[in-house]
1. Identify all residues within segment 22-34 that are buried (at least 16 other Cβ atoms within 10 Å of the Cβ) and part of a helix (DSSP H, G or I); write none if there are none.
2. Looking for whichever is touching a Phe, Trp or Tyr at 6+ places or on another chain (Cβ under 8 Å), of a type outside the set (S, T, Y) and under 16 Å from L17 (Cα atoms) here; the options are V63, V93, V83. Which one fits?
3. Does segment 40-58 include one or more residues that are buried (at least 16 other Cβ atoms within 10 Å of the Cβ), in contact with a helix residue (DSSP H, G or I) (Cβ under 8 Å, 6 or more places away or on another chain) and among the β-branched types (V, I, T)?
4. What's the number of the condition D4 fails, among (1) surrounded by 11 or more Cβ atoms within 10 Å (Cβ to Cβ); (2) without any contact (Cβ under 8 Å) to a residue 24 or more places away in the chain; (3) of a type outside the set (G, A, S)?
5. For segment 52-69, state whether one or more residues are within 15 Å of R9 (Cα to Cα) and without any contact (Cβ under 8 Å) to a residue 40 or more places away in the chain.
6. In a helix (DSSP H, G or I), modelled with pLDDT of 95 or more and crowded, with 17+ Cβ neighbours inside 10 Å: which single residue out of V83, V19, V10, V37 fits that description?
Amino acid sequence: MLIDIKLSRVERARWYLLVALASSRPIAASEGTLQRVLDSTDMALTDAEMRSELDYLEQRGLVAIARDELTDEWSARLTADGVDFVQYRARAVTGIARPKRS
């Protein structure tokens, strides 16, 4: 049961990250901006958790991450596939709690 709750939370956080990135288009969003968005919801994540979920989204081809080696800062932007997913022009992806289209 605890695993299901944590998984549900992570899947919703991934959706919120994608929506935040869609709102920032065409500009990439910094970690700080994304963290503020998550903090304003019930999806507050640690920095490490947020990076883990951004990495997951990157592996799925929905997000591109820029990693600054000097400052260790990340910024992210949606890929074309990510835009299609957020705009419901692409099929649902396992692991992301995208709400049903109304």
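The values are calculated or read from the model by the stated rules, or taken from the named source; none is laboratory data. This one's a predicted model, so the numbers in the text were calculated from it and none came from an experiment. Here the Cβ positions follow ideal geometry from the backbone for every residue, glycine too, while neighbour counts run over all protein chains shown.
1. The answer is A22, S24, E31, T33, L34.
2. V93
3. no
4. Among (1) surrounded by 11 or more Cβ atoms within 10 Å (Cβ to Cβ); (2) without any contact (Cβ under 8 Å) to a residue 24 or more places away in the chain; (3) of a type outside the set (G, A, S), D4 violates only (1).
5. Scanning segment 52-69, I find at least one residue that is within 15 Å of R9 (Cα to Cα) and without any contact (Cβ under 8 Å) to a residue 40 or more places away in the chain, so the answer is yes.
6. When all the criteria are applied, what remains is V83.
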